[in-house]
């Protein structure tokens, strides 16, 4: 009976001191044989609380998977800082969804006499295990596996009933308060495995970049006392490895040999070792074998290892003796259909995409990720900050020193390190995230330093004030969203004593990541600054059916493409599942959309991280530089492109020089630049020259560019032809449905809203300016229109002079912003076109979206994109689709008719199907109704994006000052 169940009587979901019961110690042993996978359909009941009685009827659910996305009435809930319930730690709410999973397991007959272990990959948040009605164990920590020895309750050749009870809310929820969706369920794989009673309890590998190898083995026997004369051996890619007998002798002499725990060591030196780093992630196959006295193999563990060293030298973090830049991103385990459950193929796709866009580092925010992620990081080449599953955000100060949570802090940090320590990709341990700083952190750090002195550790909470990180809890100054000027000042102050690597910076919420190139220009030119981790990889939108408001689950496969959900569906964020406690769209803050479609910022990052760059341009040629840390350029190919303003693009193959990391060389110009053609830009298209694990041959790596000749802006020749305007002075034109008027408003980005700028603009009335006091004066063939735009914060005077020129109309504009309008969104013109103009072609930066403070990744050239593909579908509709540095553009129909615009200088331009009001008044893309024509913005000035939703705003140089603004453009008919 459930009311007599000792595990339920223990009530572990409200006992923070209890981190586990009956759970085996964590280890790094990798066994590939004798397993019975238990993934698939399980009988399932969702109870309202852990104490509720079971019902007679069972439903079915799939393991692994969260029940919150599998058709139950307990739906996902998103919070950032606040807890989803009101109870204080360590308490949980009485209404506490509890999932009961059950299935039969046929234990192989040849497992008779074997040690049999149940492994549950992850369960949120408290796991209770029963087999045939008998209590087996308890586990907490939603993001690490729990193993239980079933040898006493199951036998080979018999059938057993396994029941897994998962309690959603607990004392542990208060230290799993991460910025993500709350789910419940068994989110990673479940399996049984068998070993000989004599088995490897743990394997620890240390492999130096100089070729030294040490393998420490812990050995146990399920029967208790160890048998005599067991021994270990190994091989490394076929090289035989033998046990270190001197280590055995020293242990015996020190009386460290026990009857129940054996220790053995394998030592070797690998000559001419191939070292591991993120650029050349060389791996070796290591097999460790445990033998009985007669030589038969009792247990085997396989590892892919890398030879590398990590150390801190003053202000520098070194990998293999080299100071490396950390071009990182924060990553959650996430999938838009399955929530926290991510397949191996999905994880590989995540890392392949990151590699293609220049990232070399991952912070596993804010918990140990699925084990396969680390195997992939080892193989593909990423530096990993492995983070413990600790975040007590809402009650951080209280919990940091609460002795009831001491065990949990140490347990979570220790189990992470015990599981992951053999991965060369992991270069830093993290004690968790946003949990203040207290004695519990110091205790966890102390255990970690003793167990693994080969890696530094970090914790942002220990270094909040002036980044004066304590030696106990952080070897790295790892601030969060620190202003760039503060980082530079700290590096130049003479007080910096350790590497400065921001654990979070450049918040990617909506249309964001402004000033990213400015940050990296400062990082690369300031000793002491070494990089950071963008927040974050994913937009955590869950695919939702609009008709019933539920997650689509696995049935939603194929119902999204290129970042957009199919009709009848949308990307859900906080509040979309009916929850009253939530944090809205703050969950949509990644560099990719929920389907892994890249956002424009990824192209920005790719160029910032370019391994090959054009350093400068000289009369006789250009200077190329290798910006890698460890490898040459032999893995790259290049093609030169010369883009001329007259529409021509010339190409030629590039022979890349042999350059060691950090070296530069001058090369001659690949073209004789034509005397005609106007403005000229030289681009080096760099692609992969060989098949790589993360890219096929020909994958573009970067496209560095330099201007060879500046623009020449032709002036239109006035002609004797009238300009038609209506009584309000608005231009009448056959291809325009709305004449050009002044625009000072943009649909607020998430940064605008959360940073407070949108509120200020609304206070000034910029979202509802009224055009009035119009004066129309004709001088010769020109028409001058003077208008006032009144807002609640002041009056803006706008002058527009319309002059007929050969083939069209030149529009000269002037606006004076009053001092009160000291930081507006944009200053420019907006007009709308007739339907049918569906192709935009332009000379300027592109082809993807760019803005004044996010344009380094958009090279100048000739671009063509259908109008319907120009708009970027950020999860919450907002300003998007802009192109920076546009010199001229055409909008045309299929018969090549349309309009052309030439600009007086490079300007910000956007062409979409939506007015700013359309985007401002909707919350999801399924609510948007595209207009038949085009809405066109030509901006004399456009405010930068910044990252003020969480982090610094854009720099003053990217803001719009009051005063006089002038711009000119010419409109022609094709």
(message) If I ask for residues that are touching a residue at least 60 places away in the same chain (Cβ under 8 Å), touching a helix residue (DSSP H, G or I) at 6+ places or on another chain (Cβ under 6 Å) and under 13 Å from residue 538 (Cα atoms), which ones from the range 334-374 would you list?
(response) 339, 351
(message) Quick check on my filter: what residues within the range 424-457 are out of contact with any helix residue (DSSP H, G or I) (no Cβ under 9 Å at 6 or more places or on another chain) and without any contact (Cβ under 8 Å) to a residue 40 or more places away in the chain?
(response) 449, 450, 453
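Residue 152 - would you say it is assigned by TED's automatic domain parsing to the domain that holds residue 23, out of contact with any helix residue (DSSP H, G or I) (no Cβ under 9 Å at 6 or more places or on another chain) and without any contact (Cβ under 8 Å) to a residue 12 or more places away in the chain? It would help to see each step written out before you state the result.
On the way: assigned by TED's automatic domain parsing to the domain that holds residue 23: yes; out of contact with any helix residue (DSSP H, G or I) (no Cβ under 9 Å at 6 or more places or on another chain): yes; without any contact (Cβ under 8 Å) to a residue 12 or more places away in the chain: yes.
When the stated conditions are applied, residue 152 passes them.
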(request) Mind listing whichever residues of the range 862-871 are surrounded by fewer than 20 Cβ atoms within 10 Å (Cβ to Cβ) and in contact (Cβ under 8 Å) with a residue 24 or more places away in the chain? (result) 862, 864, 865, 866, 868
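Of the residues in the range 242-269, how many are free of Cβ contacts under 8 Å to residues at least 40 places away in the same chain and within 17 Å of residue 302 (Cα to Cα)?
Within the range 242-269, the first condition is being free of Cβ contacts under 8 Å to residues at least 40 places away in the same chain, and the residues that meet it are 242-259.
Remaining after also requiring within 17 Å of residue 302 (Cα to Cα): 242-243.
Here the count works out to 2.
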(request) Taking residue 213 as the residue in question, decide whether it is buried (at least 18 other Cβ atoms within 10 Å of the Cβ) and either over 30 Å from residue 585 (Cα atoms) or not assigned by TED's automatic domain parsing to the domain that holds residue 28 (or both). (result) yes
(request) Name, by its number, the condition in (1) touching a residue at least 40 places away in the same chain (Cβ under 8 Å); (2) closer than 22 Å to residue 851 by Cα; (3) surrounded by fewer than 23 Cβ atoms within 10 Å (Cβ to Cβ) that does not hold for residue 928. (result) (2)
(message) Within the range 217-225, does at least one residue satisfy the condition of being surrounded by fewer than 12 Cβ atoms within 10 Å (Cβ to Cβ), at pLDDT below 90 and part of a loop (DSSP other than H, G, I, E, B)?
(response) no
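Test residue 387 against the criterion of being closer than 24 Å to residue 327 by Cβ, out of contact with any helix residue (DSSP H, G or I) (no Cβ under 6 Å at 6 or more places or on another chain) and surrounded by fewer than 24 Cβ atoms within 10 Å (Cβ to Cβ), and give yes or no. I'd like the intermediate steps shown before the answer.
Numbers: closer than 24 Å to residue 327 by Cβ: yes; out of contact with any helix residue (DSSP H, G or I) (no Cβ under 6 Å at 6 or more places or on another chain): yes; surrounded by fewer than 24 Cβ atoms within 10 Å (Cβ to Cβ): no.
For residue 387, the condition - closer than 24 Å to residue 327 by Cβ, out of contact with any helix residue (DSSP H, G or I) (no Cβ under 6 Å at 6 or more places or on another chain) and surrounded by fewer than 24 Cβ atoms within 10 Å (Cβ to Cβ) - is not met.
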(request) Could you list, in sequence order, all residues of the range 6-51 that are surrounded by fewer than 18 Cβ atoms within 10 Å (Cβ to Cβ), under 16 Å from residue 148 (Cβ atoms) and at pLDDT below 90? (result) 6, 10, 31
(message) I'd like to know if the range 347-370 contains one or more residues that are surrounded by fewer than 24 Cβ atoms within 10 Å (Cβ to Cβ) and more than 17 Å from the chain's Cα centre (by Cα).
(response) no
(message) Against the definition (modelled with pLDDT of 95 or more, part of a strand (DSSP E or B) and assigned by TED's automatic domain parsing to the domain that holds residue 75), how does residue 203 come out, yes or no?
(response) no
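Please enumerate the residues belonging to the range 390-414 that are assigned to a helix (DSSP H, G or I) and buried (at least 24 other Cβ atoms within 10 Å of the Cβ). So that I can check it myself, show each step before the final result.
First, the residues of the range 390-414 that are assigned to a helix (DSSP H, G or I): 393-400, 403-414.
Answer for the range 390-414, where residues must be assigned to a helix (DSSP H, G or I) and buried (at least 24 other Cβ atoms within 10 Å of the Cβ): 399, 405, 408, 409, 412, 413.
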(request) Check residue 619 against each of (1) out of contact with any strand residue (DSSP E or B) (no Cβ under 8 Å at 6 or more places or on another chain); (2) within 20 Å of residue 690 (Cα to Cα) and name the one condition it does not meet. (result) (2)
(request) Only strands (runs of 3 or more DSSP E) wholly contained in the range 660-710 count here; list those with 1 or more residues that are in the same structural domain as residue 623 (by TED's automatic domain parsing), farther than 15 Å from residue 633 by Cβ and more than 33 Å from the chain's Cα centre (by Cα). (result) 664-668, 680-688
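Select from the range 803-841 the residues that are assigned to a loop (DSSP other than H, G, I, E, B) and in contact with a strand residue (DSSP E or B) (Cβ under 7 Å, 6 or more places away or on another chain) and write down the one among them that is surrounded by the most Cβ atoms within 10 Å (Cβ to Cβ).
824
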(request) Taking only the range 1-58 into account, find how many residues are touching a residue at least 60 places away in the same chain (Cβ under 8 Å) and part of a loop (DSSP other than H, G, I, E, B). (result) 22
(message) If I filter the range 461-485 down to residues being modelled with pLDDT of 95 or more and part of a helix (DSSP H, G or I), which single residue comes out as nearest to residue 447 (Cα to Cα)?
(response) 484
(request) Please state which one of 951, 882 is at pLDDT below 95 and surrounded by 22 or more Cβ atoms within 10 Å (Cβ to Cβ). (result) 951
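Using the structure shown, decide if residue 766 is within 30 Å of residue 587 (Cα to Cα) and touching a helix residue (DSSP H, G or I) at 6+ places or on another chain (Cβ under 6 Å). Outline the logic, then answer.
Working: within 30 Å of residue 587 (Cα to Cα): yes; touching a helix residue (DSSP H, G or I) at 6+ places or on another chain (Cβ under 6 Å): no.
For residue 766, the condition - within 30 Å of residue 587 (Cα to Cα) and touching a helix residue (DSSP H, G or I) at 6+ places or on another chain (Cβ under 6 Å) - is not met.
Do we find a residue being closer than 27 Å to residue 953 by Cβ, exposed (fewer than 15 other Cβ atoms within 10 Å of the Cβ) and modelled with pLDDT under 95 anywhere in the range 769-779? Before the answer, list the steps.
First pass over the range 769-779, keeping only residues closer than 27 Å to residue 953 by Cβ: 769.
Filter once more, so that each one left must be exposed (fewer than 15 other Cβ atoms within 10 Å of the Cβ): none.
No - not one qualifying residue is present in the range 769-779.
The values are calculated or read from the model by the stated rules, or taken from the named source; none is laboratory data. Keep in mind the model is a prediction, meaning the values are calculated, not measured. Cβ sites come from the backbone with ideal geometry, for glycine too, and all protein chains shown count toward neighbours.
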